[in-house]
1. Tell me the carbon and sulfur percent of the accessible area for the stretch 1-86, rounded to whole percent, probe radius 1.4 Å.
2. Using only Cα atoms, find the angle between the long axis of helix 11-20 and the longest principal axis of the chain, and express it within 0 to 90 degrees, rounded to the nearest 10.
3. Using the heavy atoms of the protein chains and a 1.4 angstrom probe, tell me the accessible area per residue for the chain in square angstrom.
4. Only helical DSSP H runs with n ≥ 4 go in: add -39500 (n - 2.57) per run for the chain, normalise by residue count and round the 222 nm mean residue ellipticity to 500 deg cm²/dmol.
5. Which three numbers, in whole Å and largest first, are the semi-axes of the equivalent ellipsoid of the chain derived from its Cα gyration tensor as √(5λ)?
6. Which of the GluC sites (Glu not before Pro) found in the stretch 1-70 are in a DSSP loop and have at most 15 neighbouring Cβ atoms, other than their own, within 10 Å?
7. Size of the dipole of the chain about the Cα centre, Lys and Arg at +1 and Asp and Glu at -1 on the beta carbon, nothing else charged, in debye to 20?
8. Mind grabbing the accessible area of Cys87 for me, 1.4 Å probe, Å², rounded to tens?
Amino acid sequence: MVVDSIRQMTVEEYFAFDEASEIRHEYIDGEIIPMTGGTIYHGIIMANASGELRQFLKGSDCRVISSDMRNRVNPTRYVYPDFCVVCGRAATDERAVTLWNPALIGEVTSPSSIDRDRGEKRRFYQSIVSLQIYLVIDQHRVYVELYERQDDGWRRREYRDLEAIVPLKILDCDLPLAEIYAGIEI
């Protein structure tokens with residue numbers, strides 16, 4: 001969830017501040033944005049999606065990374081997605097606290113983040129050269145948006161049924177909505 005920004009900092013100040021803080025903060029062009037906790041549904045959906053992906057990716061060179069890993073969009077933008085997947089060797093900063101090469105990023109929306117997740121953050125994420133898939137998962141209704149990089153740009157598809165399956169071609173697996181929403185009363 002996103003809360004109002006608190007102040008301006010340089011990138012170096014942000015790294016020190018964020019790493020010393022008890023909560024995570026995103027950094028967008030000098031602006032610090034504190035991240036707050038989510039609802040029980042948010043947490044369950046994050047765990048369900050991450051867990052399913054982990055099971056599918058066993059034995060491959062891809063790994064699921066939790067929301068604790070900061071992702072670098074560019075030198076002036078750093079964010080914390082709800083989960084991501086990296087394939088091959090993870091490219092990180094020297095302290096291994098910032099990932100530079102996610103293949104998939106997933107966000108679970110909340111009322112305060114839904115517009116940002118579908119707008120500004122989507123555009124940020126789609127500018128990451130390594131990113132192939134961006135998932136936006138709604139926590140209040142059965143609804144998943146799949147943004148997939150194609151040769152001619154990004155393709156968007158929607159899934160609205162618990163029986164639907166999201167194909168993740170670059171990971172050679174499928175993500176069933178019934179598993180993403182398991183344990184959620186909608």
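1. 53 percent
2. The angle comes out at about 70 degrees.
3. 49 Å²
4. After summing the helix terms and dividing by residue count, I get -6500 deg cm²/dmol.
5. 26, 19, 15
6. Glu22
7. Dipole about the Cα centre, nearest 20: 320 debye.
8. 40 Å²
The values are calculated or read from the model by the stated rules, or taken from the named source; none is laboratory data. This structure is a prediction, so every number in the text was calculated from the model and none was measured. Neighbour counts are summed over all protein chains in view; Cβ atoms, including those assigned to glycine, are modelled from backbone coordinates with ideal geometry. The accessibility values were calculated without ligands, DNA or RNA, using every heavy atom of the protein model including side chains. Shrake-Rupley method; radii C 1.70, N 1.55, O 1.52, S 1.80 Å.
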